[in-house]
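Undergrad: Take this structure, written in structure tokens, and hold onto it; I'll ask about it next.
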Amino acid sequence: MEMQQIKFYQTGTFTVGNRLLDADQRSVQANMARTNSLNSGHRACQGCGEALGARYAIDAAMRAADNQVIACNATGCLEVFSTPYPETSWQIPWIHSLFGNAAAVATGVAAAMKVKGRKEVRVIAQGGDGGTTDIGFGCLSGMFERNDDVLYICYDNQAYMNTGVQRSSATPPAARTATTMAVGAAPGNAFGQGKNVPEIAMAHGIPYVATASVAYLRDLEEKVSRAMTARGARYIHILVPCPLGWGAAPHDTIRLARLAVETGLFPLFEAEHGEVTHSTPIRRRVPVEEYLKPQKRFAHLFGKTEAVDTIARIQAMADRNIRKYRLVDERRHG
């Protein structure tokens, strides 16, 4: 399935959008008519990937739904930096839920809109990986199982960042967090744990599931727009690097998001009713070391004695994703 009418091959730049195109060909973010749903003035850290992801996703959703969107936001980084009471950076109808019930609250809002006959109003639930893969997982699974008419967006920065960088079930193996210290015989987060929520969502057979990255703006906007055209339960999982928690430079946010895709560690794909319908090919395949080295959470892998075996296990994870989602043309990269 071809997604983009226009392809951008960027080299040496991480610029997103293109104002030189005709208005109908521009990305939402490159269009002066975007809604700026998450406005400036919020208190996100410098280089925050979650702030970018939320702005990209909700602006795209607003355009797709003719500005008829209500968002329910789980407790977490996004809620903390965007709405320090009594201030807010949101310029849409927005509700703060508990940490673990954003999906349930959104389901209630969708039901209320249905009763009122407001079918044009679309409902989005959003939260971080902690509120999605851990604390809110039961409510999320219930929303999927009932096929409630809600788009749930997870902004995955791979740990509980606003409470001090504790491990979540989305934290990758070997990563150092406050609760998976880089000490002992197997430093960092353990292998063989965690959840792959996009695949769990697919197992529920819901109408639409996708993964996206802040480094691939047009792909992200396209997937959000497509999700907004469908009815029933939908799920989009967006990788959003966290400079503070990952121990990376703020200016490397987009670079790291792109490297996660190019290594195969974060595959970009779409699925409908439990079947993968499209995956985004990797144009420049790179070894996982290029992604791991700029992050201090993996610094213990590159000490005086390089953790060759651990790096090889991470590379094997990337290779498995590449085979599973057919991300590379082996005849070309062979």
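Readers should treat all values here as calculations from the given coordinates under stated rules, not as data from a laboratory. The structure presented is a predicted model; accordingly, all values stated were derived computationally and were not measured. Note: ideal-geometry Cβ built from the backbone for every residue, glycine included; neighbour counts use all protein chains shown.
Undergrad: Dipole size in debye (nearest 20) for the chain around its Cα centre, Lys and Arg Cβ +1, Asp and Glu Cβ -1?
TA: Approximately 280 debye in magnitude.
Undergrad: Once label points are set 7 Å from the Cα along Cα→Cβ at both ARG313 and THR88, what is their separation, rounded to one decimal in nm?
TA: Going by the 7 Å Cα→Cβ label model, 4.5 nm.
Undergrad: Taking a ≥ b ≥ c as the square roots of the eigenvalues of the Cα gyration tensor of region 225-334, is the shape rounded (a/c under 1.5), prolate (a/b larger than b/c) or oblate?
TA: Oblate, since a/c reaches 1.5 and b/c is not below a/b.
Undergrad: Under 5 Å between amide hydrogens, which residues at least 5 positions from ILE95 or on another chain qualify, with H placed 1.01 Å from N in the peptide plane?
TA: HN-HN under 5 Å from ILE95: ALA71, CYS72, ASN73.
Undergrad: May I pose another question? Under the rule of -39500 (n - 2.57) per DSSP H run of 4 or more residues, summed and divided by the residues of the chain, what mean residue ellipticity at 222 nm is obtained, to the nearest 500 deg cm²/dmol?
TA: So the helix-based figure for the chain works out to -9500 deg cm²/dmol.
Undergrad: Ok, one more. Just to confirm the number: angle between the C-alpha axis of helix 308-325 and the first principal axis of the chain, 0 to 90 degrees, nearest 10?
TA: Orientation of helix 308-325: about 40 degrees from the principal axis.
Undergrad: Follow-up. Go through [x] 42; [y] 50; [z] 59 and flag the label whose value is the computed percent of Cα pairs over 27 Å apart for this structure.
TA: Only one option fits the structure, namely [x].
Undergrad: While we're here: Using the structure shown, list the pairs from LYS223/LYS324; LYS195/LYS304; LYS119/LYS223 with a Cα-Cα distance above 23 Å, or answer none.
TA: Pairs exceeding the cut-off: LYS195/LYS304.
Undergrad: Which shape class applies to region 70-198: rounded if a/c is under 1.5, otherwise prolate when a/b exceeds b/c and oblate if not, where a ≥ b ≥ c are the square roots of the Cα gyration tensor eigenvalues?
TA: Oblate is the answer for region 70-198, as a/c is 1.5 or above yet b/c matches or exceeds a/b.
Undergrad: Which aspartates and glutamates, on any chain, are close to LYS293 with Cα under 19 Å apart, when same-chain ones fewer than 8 places away are left out?
TA: Once the sequence-local aspartates and glutamates are set aside, what remains near LYS293 is ASP252, GLU262, GLU306, ASP309, ASP319.
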